[in-house]
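The values are calculated or read from the model by the stated rules, or taken from the named source; none is laboratory data. Everything numeric in this text was worked out from a predicted model, so none of it was measured. Note: ideal-geometry Cβ built from the backbone for every residue, glycine included; neighbour counts use all protein chains shown.
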Amino acid sequence: MANNEELFKSIISHAKEYGYIFPSSEIYDGLSAVYDYGQYGVELKNNIKQYWWKAMVQYHENIVGIDSAIFMHPTIWKASGHVDAFNDPLIDNKDSKKRYRADVLIEDHIQKIEDKINKEVEKAKKRFENFDEALFRQTNPRVVENQKKIDDITAKYADLMQRNDLAGLKQLIIDLEIACPISGTRNWTDVRQFNLMFSTQMGSVAEGADTIYLRPETAQGIFVNFLNVQKTGRMKVPFGIAQIGKAFRNEIVARQFIFRMREFEQMEMQFFVRPGEELKWFEYWKAERMKWHQALGIAPENYRFHDHEKLAHYANAATDIEFKFPFGFKELEGIHSRTNYDLSRHEEFSGKKLRYFDPETNESYVPYVVETSIGVDRMFLAVFSNAYCEEKLEDGSTRVVLRLPAMLAPIKAAVLPLVKKDGMPEKAREIMDILKPHFLCQYDEKDAIGRRYRRQDAIGTPFCITVDNQTLEDNTVTVRERDTMQQYRVSVDQLTGTLIGKM
Ligand code: ATP
């Protein structure tokens, strides 16, 4: 594979070719940053959601789930701050008429300098034996100079963002000589704020209609149900409420496939704790969530924490779990200590008390909240892109294989009669009936067996079960494993248990 850009393109076309992800409304030329999940995509997505739900709700006795509506009272979004402050700074290039996020232009510029450093490091790695990367980064003049550039820009940029200084952002873009990738010019408009919420009308008569919003996050549905759940579930602090659901954001720069979509899905959990205990729980959830990711068997070096230096005004700690996507390390999940901001704001705007009486301390208080928030689609992209592999085989051919964790793979086993005669299809159907109640299987009798194996490799099916002449004699089948291509025989009686043991 020539480079990461090409690799990413291959991943996107593989997702389409094998029924994982289709562009939305494709026969009408698509709808920007909206995607549909195909027959295998929906299975992988459901398995990811189930893996999260089990880890959160089933394994934690003090976490329960809800499913709140997408439409909510419009005042919720005033209370949460989204009406006034859920903005991105946008800038247009006057020549190409293309619109960009000012912050993304600057971040891309920083990334380019970082790429230069990484190239230098890679070159040196090849040249020297016993290469000391840390020492090289500290002493190589070009690397040191570029690192200083990055540090200077990052400090300036963080300060401008914090102060919401739009004129300053434009000046920084000009000072860094950032050009529009389409027109190549630096003819920029002023930077303006753009609210990311989609709005619509509720009610049949437009004049009397109220503007309501498609929720940009699922969290607020949890906050406004905090007391309902606490009371009806007799929940004791600390406890959590989990939710999986759609969220909508009118992203200005929607690109990188399903990394940044306008309609996407979130898995969020709000954990309500005693005031003063939030930082302890923040550390707990940081560790817990990283464990969840790494339990999938994806190499740990693909994950890293990125602690926020500048915090939102309502947070007292925040970190991102970043994943190494084909386009670099980017946010996969956010973990935030949100203080009592949201519940207090909802108390203020609704006029209703959202307090918890703590029987242990005999005190009534607004609980503090630690949130974990991950995008289902981003998790899908992380798992899918990490699994995609083009492998050179000994005979010189190339095998495309999706090395998905077996637990998440859409189809767990393919049942394949070696030939379409001699009673093999009937026997294979019998085996399908044995396996079907336990996990999703696929029957396939078309094409030569080698081609069928390759097709299942490309779908990511961990096991192929082949029925051959010997099966009819001794009731054993060949199990072929996707990753190693190793084959061994298993008795049909023990097949279900053997496969479950390997998932
Ligand atoms: P980013 O900085 O990438 O825009 P964010 O910080 O705005 O993300 P949060 O508001 O913290 O994201 O949302 C929590 C999670 O929801 C993110 O970690 C990400 O996995 C997911 N997410 C957010 N926006 C999108 C989107 N437009 N498309 C897909 N997933 C998203």
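Taken over the stretch 104-152, the criterion of being under 30 Å from Glu251 (Cβ atoms), more than 29 Å from the chain's Cα centre (by Cα) and among the acidic types (Asp, Glu) is satisfied by Asp152 alone.
On the given criteria, is Phe264 among the aromatic types (Phe, Trp, Tyr) and within 12 Å of the ligand (Cβ to nearest atom)? Answer is yes for this residue. If you go through the stretch 323-347 and keep only what is of a type in the set (Gly, Ala, Ser) and crowded, with 17+ Cβ neighbours inside 10 Å, you end up with Gly334, Ser337. Can you find even one residue in the stretch 239-250 that is part of a strand (DSSP E or B), within 11 Å of the ligand (Cβ to nearest atom), buried (at least 17 other Cβ atoms within 10 Å of the Cβ) and not aliphatic (A, V, I, L, M)? Yes, the conditions are met somewhere in the stretch 239-250.
Apart from one condition, Trp52 fits all of (1) at positive phi; (2) crowded, with 17+ Cβ neighbours inside 10 Å; the exception is (1).
Being in contact with a strand residue (DSSP E or B) (Cβ under 7 Å, 6 or more places away or on another chain) and in contact (Cβ under 8 Å) with a residue 60 or more places away in the chain is true for just one of Val400, Val415, Val479, Val467. Which residue is that?
Working: Val415 fails: in contact (Cβ under 8 Å) with a residue 60 or more places away in the chain; Val479 fails: in contact (Cβ under 8 Å) with a residue 60 or more places away in the chain; Val467 fails: in contact (Cβ under 8 Å) with a residue 60 or more places away in the chain.
Exactly one residue qualifies, and that residue is Val400.
Quick check on Lys236: is it exposed (fewer than 15 other Cβ atoms within 10 Å of the Cβ), assigned to a helix (DSSP H, G or I), out of contact with any Leu (no Cβ under 7 Å at 6 or more places or on another chain) and not hydrophobic (A, V, I, L, M, F, W, C)? When the stated conditions are applied, Lys236 does not pass them. State all residues of the stretch 329-357 that are in contact with a Pro (Cβ under 9 Å, 6 or more places away or on another chain) and charged (D, E, K, R); if no residue qualifies, say none. Within the stretch 329-357, just Arg355 meets the criteria. Within the stretch 188-201, the residues that satisfy the criterion of being in contact with an Asp or Glu (Cβ under 8 Å, 6 or more places away or on another chain) and at pLDDT 95 or above are Trp188, Thr189.
Counting only residues that are within 15 Å of the ligand (Cβ to nearest atom) and among the aromatic types (Phe, Trp, Tyr), which one in the stretch 372-426 is nearest to Gln270 (Cα to Cα)?
Residue satisfying both the conditions and the ranking: Phe380.
Annotation: Val253 fulfils all but one of (1) free of Cβ contacts under 8 Å to residues at least 60 places away in the same chain; (2) under 30 Å from Asp92 (Cβ atoms); (3) touching a helix residue (DSSP H, G or I) at 6+ places or on another chain (Cβ under 6 Å); (4) of a type in the set (A, V, I, L, M); the unmet one is (1).
Of the residues making up the stretch 76-87, those that are surrounded by 19 or more Cβ atoms within 10 Å (Cβ to Cβ) and either among the basic types (Lys, Arg) or in contact with a Phe, Trp or Tyr (Cβ under 7 Å, 6 or more places away or on another chain) (or both) number 2. Restricting Val400, Val415, Val376, Val370 to residues that are aliphatic (A, V, I, L, M) and under 15 Å from Met485 (Cα atoms) narrows the list to Val400. The single condition among (1) on the phi > 0 side of the Ramachandran plot; (2) modelled with pLDDT of 95 or more that Gly396 does not meet is (2). Restricting the stretch 92-109 to residues that are in contact with a Phe, Trp or Tyr (Cβ under 8 Å, 6 or more places away or on another chain) and buried (at least 16 other Cβ atoms within 10 Å of the Cβ) leaves a set whose member that is modelled with the lowest pLDDT is Asp103.
For Cys441, the conditions (1) surrounded by 13 or more Cβ atoms within 10 Å (Cβ to Cβ); (2) touching a residue at least 40 places away in the same chain (Cβ under 8 Å) all hold with the exception of (2).
When the helices (runs of 4 or more DSSP H) confined to the stretch 399-491 are screened for residues that are in contact with a Cys (Cβ under 8 Å, 6 or more places away or on another chain), those reaching at least 1 such residues are found at 424-435, 449-459. Say whether the condition of being within 14 Å of the ligand (Cβ to nearest atom) and surrounded by 17 or more Cβ atoms within 10 Å (Cβ to Cβ) is met by at least one residue in the stretch 348-367. Checked the stretch 348-367: no residue is within 14 Å of the ligand (Cβ to nearest atom) and surrounded by 17 or more Cβ atoms within 10 Å (Cβ to Cβ).
Of note, Leu495 does not satisfy the criterion of being closer than 12 Å to Leu418 by Cβ and either basic (Lys, Arg) or in a helix (DSSP H, G or I) (or both).
Report whether or not Arg399 is in contact with a Phe, Trp or Tyr (Cβ under 7 Å, 6 or more places away or on another chain) and of a type in the set (Lys, Arg).
no
Residue count for the stretch 338-352, restricted to those that are at positive phi and either of a type in the set (D, E, K, R) or in contact with a helix residue (DSSP H, G or I) (Cβ under 8 Å, 6 or more places away or on another chain) (or both): 1.
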